[in-house]
Amino acid sequence: MKLRVAVLYGGRSGEHEVSVRSAESVMAAMDPEKYEIVRLFITPEGKWEPHAIQPEPGSNPGIDVVFPVLHGTFGEDGTVQGLLELADLPYVGAGVMASAVSMDKEITKRLCLQSGLPVVDYVVLWRGDLDFESPFGYPVFVKPANLGSSVGISKARNAAELSAALQSAGQFDRKLLVERGIVGREFECSVLGNESPSAAVPCEVLPSRDFYDYEDKYLLNRARTVLPADLPPERIEEIRRLAVACYLAVSCEGMARVDFLMEGASGPLFINEINTIPGFTSISMYPKMWEAAGIPYSALIDRLIDLALERQAAKNATRFSR
């Protein structure tokens, strides 16, 4: 019998359109001989179509496993993962805790620092804190703490731009980060696995704009990537090692993409963030990096579903009462 896979996509997030594009790519790559696709679309207003998952074990008989392709808030932040746990459904990707802490850029940085991993200097502010002077000089980057795809991120070169950037980021989150600006290079590395994860071949991102913003990622189609990254073998291995270490620091499972900044042309590396539901569009680098490592797109989908079922089997062997 075919496995009934509910693809959960859309969502009440600033990354709704990216989610739709990712989900269509995922569904197109699924082997129709293996899987029966159940579409579960969430509108920008939060309405589930054609129906919602019921939060009780055994109440979703038409679903064998869920593949969430939800980016950002109300999908990648542990909220949907909590619903799936209540429903006792296996699902692809990180669990509740890892999803929540990975979505919050500040908490990710705290956990990385606790694990001895390098992160960029930063300050946490709250919505409305506009009278703030950068302790790092300029430029700085201002980010909503809980969002992805570079939505709401701005580069500030002076105090006036910093104030405007804080106002812009404050539209998307209550908690904001101001980070020291790193002038250098950007890298990404895909990670896959549960208890024993592995890292793929990393790539370098070459933005067409001042930095790799939303327009450069999804609209302009001018950013370039170099895969594999043009680095000495020891730096490639450093990125792969740090990617797995970050993945383990936040207790991630299933999949994630870890993003890096390198100061200068060959200076120190910093973990920028981890994305527990990375993009799966036709131009997204998570599947492309695994393809370069020898795992084609359709086989990657198979592996992610297998990891979800393996985790569910381990959960089923766990006692939840005395």
Margin query: Any residue in the stretch 151-179 that is part of a loop (DSSP other than H, G, I, E, B) sitting within a Cβ distance under 8 Å of a residue that is among the acidic types (Asp, Glu)? List the pairs, counting only those 6 or more apart or interchain.
Written below: VAL151/GLU15; GLY152/ASP173; ILE153/ASP213
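Taking the stretch 9-49 as the search range and keeping residues that are part of a loop (DSSP other than H, G, I, E, B) and within 20 Å of LEU86 (Cα to Cα), which one is farthest from the chain's Cα centre (by Cα)?
Taking the stretch 9-49 first, the residues part of a loop (DSSP other than H, G, I, E, B) are 11-15, 30-34, 43-47.
Adding the requirement that they be within 20 Å of LEU86 (Cα to Cα) leaves 11, 46-47.
Details: GLY11: 15, GLY46: 20, LYS47: 23 Å.
The extreme case among them is LYS47.
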Notebook entry, point to check: Does any residue of the stretch 189-208 turn out to be hydroxyl-bearing (Ser, Thr, Tyr), surrounded by fewer than 19 Cβ atoms within 10 Å (Cβ to Cβ), over 30 Å from VAL66 (Cα atoms) and free of Cβ contacts under 8 Å to residues at least 60 places away in the same chain?
Noted result: yes
Checklist line | Matching option when the condition is of a type in the set (Asp, Glu) and either in contact (Cβ under 8 Å) with a residue 24 or more places away in the chain or in the same structural domain as GLU253 (by TED's automatic domain parsing) (or both), among GLU85, GLU15 | finding: GLU15
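One line per residue, one yes/no per condition, for (1) small (Gly, Ala, Ser); (2) touching a helix residue (DSSP H, G or I) at 6+ places or on another chain (Cβ under 8 Å):
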{"site": "GLU133", "(1), (2)": "no, yes"}
{"site": "PRO139", "(1), (2)": "no, no"}
{"site": "LYS143", "(1), (2)": "no, yes"}
{"site": "ASN158", "(1), (2)": "no, no"}
{"site": "SER163", "(1), (2)": "yes, no"}
{"site": "GLY184", "(1), (2)": "yes, no"}
{"site": "SER198", "(1), (2)": "yes, yes"}
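Every residue in the stretch 116-150 that is part of a loop (DSSP other than H, G, I, E, B) and among the aromatic types (Phe, Trp, Tyr), please. Step through it out loud before you land on a result.
Residues of the stretch 116-150 that are part of a loop (DSSP other than H, G, I, E, B), as a first pass: 116-118, 120-121, 127-139, 145-150.
Those that are part of a loop (DSSP other than H, G, I, E, B) and among the aromatic types (Phe, Trp, Tyr): PHE132, PHE136, TYR138.
The values are calculated or read from the model by the stated rules, or taken from the named source; none is laboratory data. Since we're looking at a predicted model, the values are computed, not measured. We place every Cβ from the backbone using ideal geometry, glycine too, and count neighbours over all the protein chains shown.
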